[in-house]
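Asker: Please see the structure below; I have some questions.
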Amino acid sequence: MRSFLFLLGGNRRDGNTETLARHAAAALPPDVGQRWLRLDDHPLPPFQDIRHTGDGLYPVPEGAAKLLADATLDATDLVIVSPLYWYSVSATTKLYLDHWSAWMRVPGYDFKARMAGKTVWAVTTISEEDESVADPLIGTLRLSAEYFGSWGGALVGYANRPGDILRDTGALERAAAFFGPGAARRASRASDPAPG
């Protein structure tokens, strides 16, 4: 059975990006599990790169790291919900992704193997009319997804001020079909995979 984990990377509760993600999630079938975690509510410690020191292995995560690692592994689909910040994901989202490097080196976690069957999606909002400004964010998430598993696509909406996403009727329409059949093959406003 499919289970979606929505990872909220914005620092504004009920912000435009979260609103767009909730519109997309509302169209999921009722038998599909949903879990929503706000990264600000589960702060991760700074990521330390110890790959080339000692045995290069990381300890079993504890606290917020354990909660997020376990939730990540329990889901079939991961939805990264991050506004566009300086042409990339939010700081909390980037830190979460950095911890993937640790979790894949925890003995017994089999993080990389267990990620192989998952699909990663992105939901974001931009404050400029030029949709290409989201390309770096989408590229980061697409390449990270493809390293482990598969890329579902990106849903991009336009919103500058709080509540603006509700005026982007095109984005709301795309949200209603975003996770539907064929979604991974369907272009969804600035979500085309880069060549290569």
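The values are calculated or read from the model by the stated rules, or taken from the named source; none is laboratory data. Since the model is a prediction, treat every value here as computed from it, not as a measurement. Because the Cβ atoms are built from the backbone with ideal geometry, glycine has one as well, and the counts that use them run over all protein chains shown.
Asker: Against the definition (assigned to a helix (DSSP H, G or I) and in contact with a helix residue (DSSP H, G or I) (Cβ under 7 Å, 6 or more places away or on another chain)), how does Ile165 come out, yes or no?
Answerer: yes
Asker: Another question, then. More than 13 Å from the chain's Cα centre (by Cα), at pLDDT below 95, at positive phi and not hydroxyl-bearing (Ser, Thr, Tyr): does that describe Gly108?
Answerer: Answer is yes for this residue.
Asker: Among the helices (runs of 4 or more DSSP H) confined wholly to the range 61-121, which include 1 or more residues that are touching a Pro at 6+ places or on another chain (Cβ under 7 Å)? Even if it seems obvious, please write down each step before you answer.
Answerer: Details: elements: 63-74, 91-103, 111-115.
In the range 61-121, 63-74, 91-103 are the helices (runs of 4 or more DSSP H) which contain 1 or more residues that are touching a Pro at 6+ places or on another chain (Cβ under 7 Å).
Asker: If the requirement is being touching a Lys or Arg at 6+ places or on another chain (Cβ under 9 Å), modelled with pLDDT of 95 or more, over 30 Å from Trp103 (Cα atoms) and not β-branched (Val, Ile, Thr), which of these qualifies: Ala175, Ala145?
Answerer: The match here is Ala175.
Asker: Still on this model: Only one of Gly54, Gly63 is closer than 17 Å to Leu39 by Cβ, more than 19 Å from the chain's Cα centre (by Cα) and without any contact (Cβ under 8 Å) to a residue 24 or more places away in the chain. Can you tell me which? So that I can check it myself, show each step before the final result.
Answerer: Details: Gly54 fails: closer than 17 Å to Leu39 by Cβ.
The conditions single out Gly63.
Asker: Tell me which residues, restricted to the range 21-51, are β-branched (Val, Ile, Thr) and over 22 Å from Arg2 (Cα atoms).
Answerer: Pass one, the range 21-51, residues β-branched (Val, Ile, Thr): 32, 50.
Within the range 21-51, just Ile50 meets the criteria.
Asker: Please verify whether the range 88-95 includes one or more residues that are out of contact with any Gly (no Cβ under 6 Å at 6 or more places or on another chain) and more than 15 Å from Phe47 (Cβ to Cβ).
Answerer: yes
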